[in-house]
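What follows is a set of notes on a single structure, which appears directly below.
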Amino acid sequence: MKASEGKIGRVFVLRLEDGDVVPDCIEKFAAEKGIKVGHVILIGGIGGGQVVVGPRQSDEMPPDPMLLSIEGAHEVEGLGIIAPDKDGKPKLHIHASLGRAGKTLTGCLRYGARTWLVGEAIIYEITGTKARRLPDPASGFDLMETG
Amino acid sequence: MKASEGKIGRVFVLRLEDGDVVPDCIEKFAAEKGIKVGHVILIGGIGGGQVVVGPRQSDEMPPDPMLLSIEGAHEVEGLGIIAPDKDGKPKLHIHASLGRAGKTLTGCLRYGARTWLVGEAIIYEITGTKARRLPDPASGFDLMETG
Amino acid sequence: MKASEGKIGRVFVLRLEDGDVVPDCIEKFAAEKGIKVGHVILIGGIGGGQVVVGPRQSDEMPPDPMLLSIEGAHEVEGLGIIAPDKDGKPKLHIHASLGRAGKTLTGCLRYGARTWLVGEAIIYEITGTKARRLPDPASGFDLMETG
C-alpha cells in the first residue's frame, strides 16, 4: 500500500441533467475548475451507456474488460476519485451500483453512462497531494501513484 | 450540468438504532441542527420498508416509481444528499445497495427503510451553497437546483 | 439515534496493491498514523476473500452471520467508518458492493477481501468526536457509541 496526505479544498454541488454523460461531464467540469484530485459521489438516474463488469479472466494480464449495456432507467449510487493522467488531465475513475426492478449491476462507468432525468453529485477537491494515474504496462490500465 | 460552490461545515457521526427509519430520522436530525445542505453516508443493517427501484417505463413522464419490499435483514451501503425543499425543510435523497444472501437491491429509500440492529452514518454539512430541490412539473419530482 | 459532532482532520489518498487485504491494510495504516475515527471510500478490484451477507435468521439474537466467498475479480465500491474498539485500536467497518458479469454481492468485508490489481481509497480523519465501538452482549457485535 502507498499513501499521500492532502487536505480538502473546494466543494462543489452538481446537478446533472438528462443525457449528461458520466464520467465525461464531471471530467470536463474538473478541467474547467482546475480540480486535480478529488472525490465524487453520485446519486440519481442512469438510463443508458455501458458498465465494465470485471475482467473476462481473473488471472490474465492484460485483462480483457467485460462490458454490459445499461438497459432502461436505473437508480445509481456511485463513488469516484479524480486524479490527473500522465498528461495532467483530470480523469474520473467511478464505480457505481445501478439498480432496476430488484436487479443490480455494479461496475466501472469508464465507457460512458447517460443520466436519466437527474443526477446529484458532490465533488470534494483534495489539495496538497501529487496523486496521479500512470500507464501500467502489465495491465494496460492507468494505475494510481500517490506521489 | 449546473454547479455551485460551497465548503464543509460541521461533521456529525450518527448511530442509528434498531427500528430507526431512514430517511426520516436523518431529516429530523438535520432540521434540529439547522443543516440545510449536506452529504450522508450510511452503513449497517436494514430490516424492512420499501425501496424505489426505478420507473416502470423508462420513457414515460411523469414516471411511475416501482417499489419493492425489503424482506429480511440486509447489509446496507448508502449515499445521500440533503437539500431544502421549496418550504426550506431538509430533505434527504438517499440511494443504497441492500445485500442479503448474495442478492442485491439498489434503489432510493424515499418511502422509509427500517434500521436492523445498527446503522452508522456520517453527515457532512455543506455551507455557502443555495442548492435546494424544487418541484418539476414534468416528472412530479423535486429536482435539485444548485442556486 | 445518537450523535456527536466532530470536524475533518487529515485526508489520505491510498493506493492498495494486488493482494492487499481489506479491512486489515487500512486498519494497520490508521494505527500507524494515529487515526482514531474516519471515513473510508474504496474503489477498484477485489479478487478473493469473504463477505458477510446478512444474518441467517433476521429475528435471532445473537445473529449467525452468513458468509459468501468472492469468486473471481470483482469491481468494488465500498464505504466504511473507522472507530476505536474497546482497546483503542482503530477498526474499519466497511460495506461494499462487488460486481462481476452483472451479478452483485453486497455485504461487510469484515473477514478479509483481497485486492485484485489495484484499489484506490480515501480516508477522511474525523477529529473531536469520542465515537467508538463497544461490545454489545445481545448481538455479540461491537456497536458504535457516539461519545
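Within the stretch B:5-26, is there a residue that is at the interface with another protein chain (Cβ under 8 Å from one of its Cβ atoms), part of a strand (DSSP E or B), under 17 Å from B:HIS93 (Cα atoms) and within 13 Å of the chain's Cα centre (by Cα)? No, there is no match, as no residue in the stretch B:5-26 is at the interface with another protein chain (Cβ under 8 Å from one of its Cβ atoms), part of a strand (DSSP E or B), under 17 Å from B:HIS93 (Cα atoms) and within 13 Å of the chain's Cα centre (by Cα). Residue count for the stretch C:14-51 satisfying the condition of being over 21 Å from C:LEU98 (Cα atoms), of a type in the set (A, V, I, L, M, F, W, C) and open to solvent by less than 10 Å² (accessible area, probe 1.4 Å): 3.
Taking (1) surrounded by fewer than 24 Cβ atoms within 10 Å (Cβ to Cβ); (2) farther than 29 Å from C:GLY102 by Cβ in turn, B:ASP64 satisfies each apart from (2).
Under 15 Å from the mean Cα position of the chain (by Cα), in contact (Cβ under 8 Å) with a residue 40 or more places away in the chain and farther than 23 Å from C:GLY44 by Cβ, is that true of A:LEU92? Criteria not met by A:LEU92. If you go through the stretch A:91-113 and keep only what is of a type outside the set (D, E, K, R), open to solvent by 10 Å² or more (accessible area, probe 1.4 Å) and on the phi < 0 side of the Ramachandran plot, you end up with A:LEU92, A:HIS93, A:LEU105, A:TYR111.
Could you grab me the full set of residues in the stretch B:52-61 that are surrounded by fewer than 18 Cβ atoms within 10 Å (Cβ to Cβ), in contact with a strand residue (DSSP E or B) (Cβ under 9 Å, 6 or more places away or on another chain), of a type outside the set (D, E, K, R) and free of Cβ contacts under 8 Å to residues at least 24 places away in the same chain? Residue satisfying the conditions is B:SER58 alone.
Filtering the stretch B:55-78 to residues that are at the interface with another protein chain (Cβ under 7 Å from one of its Cβ atoms), under 17 Å from B:ARG110 (Cα atoms) and touching a Pro at 6+ places or on another chain (Cβ under 8 Å) leaves B:PRO55, B:MET66. For the stretch C:114-147, the candidate set comprises residues that are hydroxyl-bearing (Ser, Thr, Tyr), within 9 Å of chain B (Cβ to nearest Cβ) and surrounded by 18 or more Cβ atoms within 10 Å (Cβ to Cβ); within that set, the residue that is farthest from A:VAL37 (Cα to Cα) is C:THR146.
C:PRO62 passes every criterion in (1) more than 17 Å from B:LEU42 (Cα to Cα); (2) outside any loop (DSSP other than H, G, I, E, B) apart from (2).
The values are calculated or read from the model by the stated rules, or taken from the named source; none is laboratory data. Every value quoted in this text rests on a predicted model; they were computed, and no experiment measured them. Quick reminder, even Gly has a Cβ in these numbers, built from the backbone with ideal geometry, and neighbours come from all protein chains shown. What goes into the accessible areas is simple: the full protein's heavy atoms, side chains included, and nothing from ligands, DNA or RNA. Shrake-Rupley method; radii C 1.70, N 1.55, O 1.52, S 1.80 Å.
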